[in-house]
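Before any comments, here is the structure.
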Amino acid sequence: MTQSITILGSTGSVGKSTLAVLDLHRDLFKIEALTANTDVASLFEQCCQYKPRVAVMADDAAAEQLAVQLKDAGQTDVEVRAGHAALIDVAGSPNSSSVMAAIVGAAGLLPTLEAVKAGKRVLIANKEPLVMTGSLFMREAEASKALVLPIDSEHNAIFQSLPDDQNKAGVARLHLTASGGPFRGRSWDSLSEITPEQACAHPNWSMGQKISVDSATMMNKGLELIEASALFAMPAQKVDIVVHPQSIIHSLVEYLDGSFLAQLGAPDMRIPIAHALSWPQRIASGAQTLSLFDVARLDFQAPDMANLPCLRLARSAAEQQGAAPAVLNAANEVAVAAFLERRIPFTRIPRVIETALEQLASLDFSSVDEVLKIDNEARQVAVSALD
Ligand code: NAD
Ligand code: MG
């Protein structure tokens with residue numbers, strides 16, 4: 001049966017990798033909607049190539065431009081919609097059975113939740129909504145019987161290494177692998193002059209700018225720790241982080257009997273994407289097969305916590321729970337954006353986050369509206385901590 005799929009954030013790194021996998025399986029998938037923020041040129045090209053029924057631009061002016069360009073090109077079958085409300089509407093629309101959540105940041109929260117509430121197959125790359133809402137997100141999925149499939153390579157690896165029924169009774173611990181990013185082995189204090197270009201040059205993965213900076217500070221692994229704890233209902237204390245520079249083992253599950261199960265593969269997002277698109281079947285991803293002889297060796301190290309302030313803050317927020325993860329996430333988004341705009345030095349990022357946590361981490365929430373309010377407050381505190 002053909003799956004009808006909507007890709008939220010189709011012009012980004014994960015969005016494009018998703019389309020690359022779909023290219024290999026046009027008979028299995030029908031594209032219902034493609035969405036982007038402001039990148040008119042990319043969404044225009046994708047509309048001409050994939051002819052989705054709907055295209056949404058979160059930005060109103062960008063949507064107007066897209067509509068004109070599509071009309072001029074004779075692509076009148078694509079319905080163009082504008083704004084965040086349209087994004088949410090399309091995510092929950094019964095016209096698609098699957099949604100790839102590949103927006104970056106908190107902007108993806110409401111659209112992703114809408115897809116979850118509609119009980120769809122939801123492929124989660126966009127980790128920030130899970131970090132912000134944690135168990136509330138998973139409770140919504142349980143209530144609607146949505147099928148939540150992780151795309152983040154570590155979480156996809158854990159999903160693949162858990163028993164088929166995802167029963168965690170025999171699981172002792174989860175081990176998330178981390179490449180260590182571009183500054184592995186450097187002391188934190190030596191990084192004050194790091195530029196956005198240097199921070200975004202990841203040794204193993206090609207990704208969007210925000211997650212690339214998160215990988216350089218290792219906040220990405222901290223967000224992933226919180227994400228893993230929510231997705232797999234594991235206390236953060238039972239989720240370990242292991243630095244594995246080759247990025248070949250994507251994560252491991254340790255069982256009570258001493259067995260470790262892991263998933264290995266080339267560092268290529270098309271692999272977890274293909275896995276989640278076709279689960280429980282398997283389809284080709286287009287990624288290169290791993291040559292074990294070329295890999296030859298796999299190294300593992302404990303993270304150097306003394307030089308990883310962002311990971312320390314994230315671990316403490318993960319253990320504290322309540323609103324701490326949402327505050328951490330919001331302040332991190334503000335700090336990373338300011339660093340990318342060259343407004344603050346790289347090493348200031350954790351200081352901004354710490355300030356927001358000091359003021360707001362003790363808050364708690366019981367609804368999405370409350371999380372959004374806390375997210376907003378944390379952004380305000382973070383903005384004032386920039387100067
Ligand atoms: P990206 O910056 O390359 O793409 C982001 C997409 O979201 C774009 O299509 C953009 O138009 C859209 N977008 C941005 N802001 C928006 C807004 N305010 N409203 C609506 N749409 C908006 O990011 P990416 O690297 O593809 O990452 C996407 C998500 O997947 C992130 O949460 C990231 O942490 C996660 N992820 C990415 C990778 C990777 O390899 N890139 C791996 C694991 C997880
Ligand atoms: Mg990851």
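See the values below:
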| read-out | value |
| --- | --- |
| Gyration tensor (Cα) of the chain, equivalent ellipsoid semi-axes in angstrom | 31, 26, 21 |
| Likely footprinting exposure, L386, L130, L109, fewest C-beta neighbours within 10 Å first | L386, L109, L130 |
| Exposure proxy order (Cβ contacts within 10 Å, fewest to most) of F300, F183 | F300, F183 |
| Fewest-first ranking of R342, R379, using other Cβ atoms within 10 Å as the exposure measure | R342, R379 |
| Packing-based order for 346-358, 286-298, using average beta carbon neighbours within 10 Å, highest first | 346-358, 286-298 |
| Over 31 Å (Cα to Cα) - which of K30/K71; K30/K238; K30/K221; K30/K117 fall in this group | K30/K238; K30/K221 |
| Dipole magnitude of the range 9-136, debye to nearest 20 (Cβ charges: Lys/Arg +1, Asp/Glu -1, about Cα centre) | 460 debye |
| Principal semi-axes in Å for the range 180-275 [√(5λ), Cα gyration tensor, largest first] | 26, 16, 13 |
| Centre separation in Å (Cα based) which lies between the range 130-196 and the range 201-261 | 5 Å |
| Inter-centroid distance (Cα atoms) of the range 1-73 relative to the range 308-373, Å | 32 Å |
| Helix runs (DSSP H) in the chain reaching 20 Å along axis by Cα, Kyte-Doolittle at least -1.0 | 324-340, 368-384 |
| Simple Cβ-charge dipole of the chain, Lys/Arg +1 and Asp/Glu -1, about Cα centre, in debye nearest 20 | 500 debye |
| Aspartates and glutamates whose Cα lies under 17 Å from that of K16, excluding same-chain neighbours fewer than 8 positions away | E32, D39, E45, D152, D268 |
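No lab work stands behind these numbers, since they all come straight from the coordinates. Values in this document were obtained by computation on a predicted structure and should not be read as measured data. Note: ideal-geometry Cβ built from the backbone for every residue, glycine included; neighbour counts use all protein chains shown.
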